[in-house]
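Student: My questions will all concern the structure given below.
The values are calculated or read from the model by the stated rules, or taken from the named source; none is laboratory data. Keep in mind the model is a prediction, meaning the values are calculated, not measured. Just the protein is used for accessible areas: all its heavy atoms, side chains included, with ligands, DNA and RNA removed. Shrake-Rupley method; radii C 1.70, N 1.55, O 1.52, S 1.80 Å.
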Amino acid sequence: MAAKLSKKSAISDEPQTALWASIHDKLKKHIPRQFFKVFFGDLEPLSFKGNSLVLASADARVVAHIKQRYLPLINRYANEVSEGKIVVKVKTRPTDSKAEPKKDHKVKKPRTIPTQTTSEEGRDGGSGAYPNTIILNPKYTFDRFVRGPSNEHAFAASFGAAQRPSEFHNPLYLYGGVGLGKTHLMMAIGNHIQDNFPWMNVQYTPAEIFQSDLVEAVATKTLPHFKAKYRNIDVLLFDDIQFISQRAEYTQEEIFHTFNYLYQNKKQIVISGDRPPQQLSTLTDRLVSRFQSGLIVDIKPPSLETRLAILKTKAEEIQLDIPYEVLKYVAVRITGQIRVLEAALIKLKFISELEKHPIDLQLTKLALRDLPNEKPGPQVSIDEILRVVSKHFGVEEAEVKGNSRVENIVMARHVCMYLTKKLLPSMSLAAIAEAFGRSDHTTVMHAEKKIKEMVDRDEAFRVQLQELHDELQF
Ligand code: ADP
Ligand code: MG
């Protein structure tokens, strides 16, 4: 913007230009991209007299919205850059303004003037604006989505839909438990499309907002407005469809017509839910079969490896310096929602700043005592032991459970049994034997004996075993 203004040599060194450039830069950092484009793309400093800086836009609706939503923020920054000396006003640019016509900024006539919001997921803060339009969280991008076996199908399908809206997977239905990344992926689709197809009208709507807006539309006799809004979009991101209530037949009807209309007009529809469509008792058969004609993919809880990768990414995002053993501890203890993993990091950051102490295992154990979802104590699954040990010895999991007598396979098998006995003391020998494909519980005793002999003989082996044990132990 500063560069753009300076091209206008006639006013480039006027004080309002420099002032506005500084305020503008601050605003740009704090207002989501898509809003910034719409509301500030066309705004220019008109005059600076006394202590008042006047900004102007050609679009009266933009001016009205800025006054209502952004003026306090603009003034706060104006205060900062002028040490409290100026007050900002906004007005509609006079039609005889000498401002040169611009090619480089289309006054993007807001398709619907979105309402600004501050909450995490962009829920409207309650300005009373209706229908609600919700901002995409700019942090929810494909880049920031960590992929793993639990979510790679959902990722690929979402990315495909974002790259070629309405051409590939339509409708796309994503489902999975709470906090596994559905909203993140949906918003990533929206962000990607807004960046790459800026002319497309992307609408993110949680189902319960759709429903309450619909109720409001009926009550205020503004149904045509509501319908027009939902028929005028290119990409509908419909989140948490399970929240459509049981008795809301009318809502289902409206959803069906909306989806049908969009689908027939080749618009992209993405829906999320906590379970597959056929298990949602609130959906009519028509709706379910509509979803089934598209692509349905699930997101599962992330494996330990994926949880670790997510933690690493999130720690970097919040610039948290955290040792690997701590990441591992957190990833092992917190197995459910990814949101809880994030909460753990934020808490660690907070406590380490408070205590002025770098994050280590001891601090972490203290800090995470009362986090939800924490496991009561060390707990590891047979699958995990099998996976980690097989990987360590470079053998296939199936081989460990099979009958091969190849040396390192036998070794891996023995280590598996030995570690299982240590880490899962409540398991019977027979159950351990069975878990690794043996029928006789004495095999476990034999394995244990062999491993103990090896430990006594071979220091390197002892260290390796200790590492494996620690890796699995937290
Ligand atoms: P859902 O909508 O399925 O309940 P969200 O999309 O709100 O879950 O995800 C909860 C939190 O976890 C968000 O902050 C999101 O960024 C994060 N998250 C979920 N999955 C991933 C992932 N694979 N990579 C990075 N962050 C993730
Ligand atoms: Mg969600």
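Student: Over segment 203-346, average the accessible area per residue using a 1.4 Å probe and give it in Å², no decimals.
Tutor: Value for segment 203-346: 45 Å² per residue.
Student: Check Ala56: other-chain or 5+ apart residues with amide H under 5 Å from its amide H, H built from backbone geometry?
Tutor: Placed amide hydrogens put Glu44, Leu46, Lys91 under 5 Å from Ala56.
Student: Let me ask something additional. Please give the length that would be gained between Phe168 and Lys365 if that part of the chain were fully extended, namely 0.36 nm times their separation in residues minus their C-alpha to C-alpha distance (nm, one decimal).
Tutor: Additional length available on full extension: 66.3 nm.
Student: With everything on Cα atoms, drop me the angle between helix 249-264 and the longest principal axis of the chain, reported from 0 to 90° to the nearest 10.
Tutor: Taking the Cα atoms of the chain, the angle to 249-264 is about 80 degrees.
Student: Helix 152-163 against the longest principal axis of the chain: what's the angle in degrees, Cα atoms only, rounded to the nearest 10?
Tutor: Once rounded, one gets 20 degrees.
Student: May I pose another question? Considering only Cα-Cα distances, which of the following residue pairs are longer than 28 Å: Lys37/Lys139; Lys365/Lys449; Lys391/Lys421; Lys139/Lys229; Lys28/Lys356?
Tutor: Lys365/Lys449; Lys28/Lys356
Student: For the chain, what % of the accessible area comes from carbon and sulfur atoms, probe 1.4 Å?
Tutor: Looking at the chain in its full context, I get 52 percent from C and S.
Student: Helix-only mean residue ellipticity at 222 nm, the chain, DSSP H runs n ≥ 4 weighted -39,500 (n - 2.57), per residue, nearest 500. What is it?
Tutor: Dividing the helical sum by the residues of the chain leaves -15500 deg cm²/dmol.
Student: Remind me, relative contact order of the chain in percent, using alpha carbon pairs under 8 angstrom and six or more residues apart?
Tutor: Relative CO of the chain lands at 10 percent.
Student: Ok, one more. So what's the angle, to the nearest 10 degrees on a 0 to 90 scale, between helix 442-457 and the longest Cα principal axis of the chain?
Tutor: The angle comes out near 80 degrees.
Student: Can you give the accessible area per residue of segment 355-474, in Å², using a 1.4 Å probe?
Tutor: Roughly 58 Å² per residue, with all protein chains present.
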